[in-house]
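Beneath this line is the structure, given in structure tokens, with notes to follow.
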Amino acid sequence: MFSRILSGDIPGEIVHETDRLFVIRDIAPKAPVHLLVIPKTEQYANVVELAAEDPALLAEMVAVAGDLAGGDFRLIFNTGEGAGQTVFHVHAHVLAGGLSEGSLGD
Ligand code: AMP
């Protein structure tokens, strides 16, 4: 699904792109800033697989999240259906702005 946004098959706002990843705005934002940082490869279903196979790509995702968040931010990788993952193409949620201090809630 995310790859279809990258290719332009379905609409989405691409806010940043590098050789290996791209960033879109989440369609259902949970914070004033809610971005998704997504590797271009569909090879990794979740962050555990990504960390094991390509830690440099994971590090690039974290660096880009920090650059784009515009200040303090929360980085979330839902991992598995039971944790709310719905798209099995690894992606980081970057939430920023108006976060309740010390809370993991939405
Ligand atoms: P997850 O539930 O962690 O797998 O995250 C999937 C995220 O993708 C959800 O937060 C959705 O709101 C978001 N999403 C689904 N479809 C789109 C879309 N077309 N454009 C942007 N974000 C989307």
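Since every read-out is calculated from the coordinates, none of them should be taken as a lab result. Small disclaimer: the values here were computed from a predicted structure and weren't measured. Cβ coordinates were reconstructed from backbone atoms using ideal geometry, including for glycine residues, and neighbour counts include every protein chain displayed.
Computed extension gain for residue 10 through residue 88, at 0.36 nm per residue and net of the alpha carbon distance, reaches 26.3 nm. Going by Cα centres, region 31-106 and region 1-18 are how many Å apart? That distance is 16 Å. Mean separation of Cα pairs under 8 Å and 6 or more residues apart, divided by the residue count, gives region 2-96 a relative contact order of 31 percent. If you take all other residues with their beta carbon under 13 Å from the beta carbon of residue 56, and give Lys and Arg +1 and Asp and Glu -1, the sum is -3.
Classify the chain as rounded, prolate or oblate, taking a ≥ b ≥ c as the square roots of the eigenvalues of its Cα gyration tensor: rounded when a/c is under 1.5, otherwise prolate if a/b is larger than b/c and oblate if not.
Numbers: a/c = 1.39, a/b = 1.24, b/c = 1.13.
Rounded is the answer for the chain, as its axis ratio a/c remains below 1.5.
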